[in-house]
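Participant: Here it is: the structure, laid out below.
The values are calculated or read from the model by the stated rules, or taken from the named source; none is laboratory data. Everything numeric here is computed off the predicted structure, so don't read it as measured data. Methodologically, a virtual Cβ is constructed for each residue, glycine included, from the backbone with ideal geometry; neighbour enumeration extends over all protein chains shown. Side chains are part of the model used for accessible areas, which takes the heavy atoms of the whole protein and leaves out ligands, DNA and RNA. Shrake-Rupley method; radii C 1.70, N 1.55, O 1.52, S 1.80 Å.
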Amino acid sequence: MSTTDPRSIRISSDLLPADGRFGCGPSKVRPEQMAALADAGATLMGTSHRQAPVKNLVGSLRAGLTDLFSLPDGWEIVLGNGGSTVFWDVATFGLIESRSQHLVFGEFSSKFAEAAGAAPHLGQPTVIKCDPGAHPAAVAEAGIDSYAFTHNETSTGVMMPLVRPTGVDGDALVIVDATSASGGLLWNPADVDVYYFAPQKCFASDGGLWVAACSPKAIERINRIAASKRWTPASLDLKIALDNSVANQTYNTPALATLVMFEAQVRWMNEIGGLVACNGRSKKSSDILYTWAESRPWANPFVADPAMRSHVVGTIDLTAPADGGVDANDVCAALRANGVVDTDSYRKLGRNQLRVGMFPAVDPDDVSALTACIDVVVDALRG
Ligand SMILES: *Cc1c(COP(=O)(O)O)cnc(C)c1O
């Protein structure tokens, strides 16, 4: 066992990444986004969200996301306050008609299933579950009007392909939690009806907002449920959010700084080549991370199936101290003492693991530098 205080380990500055933020949300904010915020400081910040300057910003954001996802005509970008967690409640009121099916393969995917299961106005959902480290497959089922997927399970580093299950009711919606995937992973709008997320992951902004790209079929559902007069708290009412969003507004006051940084990131993503280029950066970063982990005797990618290994959130198991390895918490503490932060695993998963955010804002060269830093730290800890 090592007796070295991890915080005393020094990594030479030529090995350090240019930017040491590897969190999975909040995540690295690019300096250009902070500059956009400073620019907006004198004109936009502190002004009304009901007036043209902020409405134009929201309009630009909605148009930029429509471009980024290549959304067909009739889709709408809907937004509101509260983040993805609040969207689960929004969807429970405004998207699920009577029964949903949920694929559960980690902490985040379990939450929407719980919300639907607890709603007194809905039937009991079907939950298809598997152990952390993989994802289950959806099964067409009579009476299911909403299929709930998670594009990237942030707690485990598993991504799943978005494919509309065959044989489902023509009216059924595919509703996807894309909180950590959106902007970093590829998807086809033909296979999805609602793609929802928050801006603090691939979009490198702050939290507190939810965004949902909605297909024409989803909009029909929203309108139908609203017409049915189901009781819905106004702050969770998707029809109210939709009506405000198409007018480039939100139901209540949004955080303007979040919108400014979000919009700047979407513009950058479209400038560098859109979703394909963004996924290319994350894919390059994750190839670096997984190849490195496979080459170290004391490290291994947690996700066994290479096809399920996320491009945006990498999970790396370390050999336990008892077996000649090191404590992942010590590695994180040593990295943090050197300005390389938020490489911690998802606590409830309970593994001796590192978790690395590799969103498009992260430079693949910095992921490479991170692996060199981990090598130094592990050497030092093993003495
Ligand atoms: C981060 C995350 C959430 C929660 O997002 P909030 O905006 O904090 O509510 C939900 N789902 C997934 C997959 C996430 O990664």
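Participant: Among the residues that make up the stretch 34-41, is at least one of them in contact (Cβ under 8 Å) with a residue 40 or more places away in the chain and within 16 Å of the ligand (Cβ to nearest atom)?
Facilitator: No - not one qualifying residue is present in the stretch 34-41.
Participant: Still on this structure, I have one more. Return the total of residues in the stretch 95-106 being more than 14 Å from the ligand (Cβ to nearest atom), outside any strand (DSSP E or B), open to solvent by less than 10 Å² (accessible area, probe 1.4 Å) and over 27 Å from V266 (Cα atoms). Steps first, answer last, please.
Facilitator: As a first pass, look at the stretch 95-106 and keep what is more than 14 Å from the ligand (Cβ to nearest atom): 95-101.
Applying the additional criterion that residues be outside any strand (DSSP E or B) yields 95-99.
Remaining after also requiring open to solvent by less than 10 Å² (accessible area, probe 1.4 Å): 95-96.
Adding the requirement that they be over 27 Å from V266 (Cα atoms) leaves 96.
Count: 1.
Participant: Then there's this: Kindly check whether there is at least one residue in the stretch 8-29 that is among the aliphatic types (A, V, I, L, M), open to solvent by less than 30 Å² (accessible area, probe 1.4 Å) and within 16 Å of the ligand (Cβ to nearest atom).
Facilitator: As a first pass, look at the stretch 8-29 and keep what is among the aliphatic types (A, V, I, L, M): 9, 11, 15-16, 18, 29.
Checking the rest, the ones that are also open to solvent by less than 30 Å² (accessible area, probe 1.4 Å) come to 9, 11, 29.
Going one step further and asking which of them are within 16 Å of the ligand (Cβ to nearest atom), we end up with 29.
The answer is yes, given that some residue of the stretch 8-29 is among the aliphatic types (A, V, I, L, M), open to solvent by less than 30 Å² (accessible area, probe 1.4 Å) and within 16 Å of the ligand (Cβ to nearest atom).
Participant: Of everything in the stretch 60-87, what is surrounded by fewer than 24 Cβ atoms within 10 Å (Cβ to Cβ) and within 16 Å of the ligand (Cβ to nearest atom)? Give them in sequence order.
Facilitator: Result: N81, G82, G83, T85, V86.
Participant: Quick check on this structure: which one of L71, L61, L57, L16 is in contact with a Pro (Cβ under 7 Å, 6 or more places away or on another chain) and farther than 22 Å from T154 by Cβ? Spell out how you get there, then give the answer.
Facilitator: Details: L61 fails: in contact with a Pro (Cβ under 7 Å, 6 or more places away or on another chain); L57 fails: in contact with a Pro (Cβ under 7 Å, 6 or more places away or on another chain); L16 fails: in contact with a Pro (Cβ under 7 Å, 6 or more places away or on another chain).
Going through L71, L61, L57, L16 in turn, the sole match is L71.
Participant: From the list S205, S180, S109, exactly one residue is modelled with pLDDT of 95 or more and in contact with a Cys (Cβ under 8 Å, 6 or more places away or on another chain). Which is it?
Facilitator: After applying the criteria, what remains is S180.
Participant: Give me a count of the residues in the stretch 199-211 that are in a loop (DSSP other than H, G, I, E, B) and either outside the structural domain of V139 (by TED's automatic domain parsing) or open to solvent by less than 10 Å² (accessible area, probe 1.4 Å) (or both). Walk me through how you get there before you give the answer.
Facilitator: Narrowing the stretch 199-211 to residues in a loop (DSSP other than H, G, I, E, B): 199-208.
When the remaining residues are screened for being either outside the structural domain of V139 (by TED's automatic domain parsing) or open to solvent by less than 10 Å² (accessible area, probe 1.4 Å) (or both), the result is 199, 202-205.
Total meeting the criteria: 5.
Participant: Go through N270, N248 for me and flag whichever is open to solvent by less than 70 Å² (accessible area, probe 1.4 Å), within 30 Å of R355 (Cβ to Cβ) and more than 18 Å from the chain's Cα centre (by Cα). Give the derivation first.
Facilitator: Details: N248 fails: within 30 Å of R355 (Cβ to Cβ).
The unique qualifying residue is N270.
Participant: Need pairs with beta-carbon distance below 8 Å; first residue within 13 Å of the ligand (Cβ to nearest atom) and within the stretch 107-124, second charged (D, E, K, R) and part of a helix (DSSP H, G or I); sequence gap 6+ or separate chains.
Facilitator: E107/K348; A115/D89
Participant: What number goes with the only condition from (1) within 24 Å of A178 (Cα to Cα); (2) in contact (Cβ under 8 Å) with a residue 12 or more places away in the chain that A293 does not pass?
Facilitator: Status for A293: all satisfied but (1).
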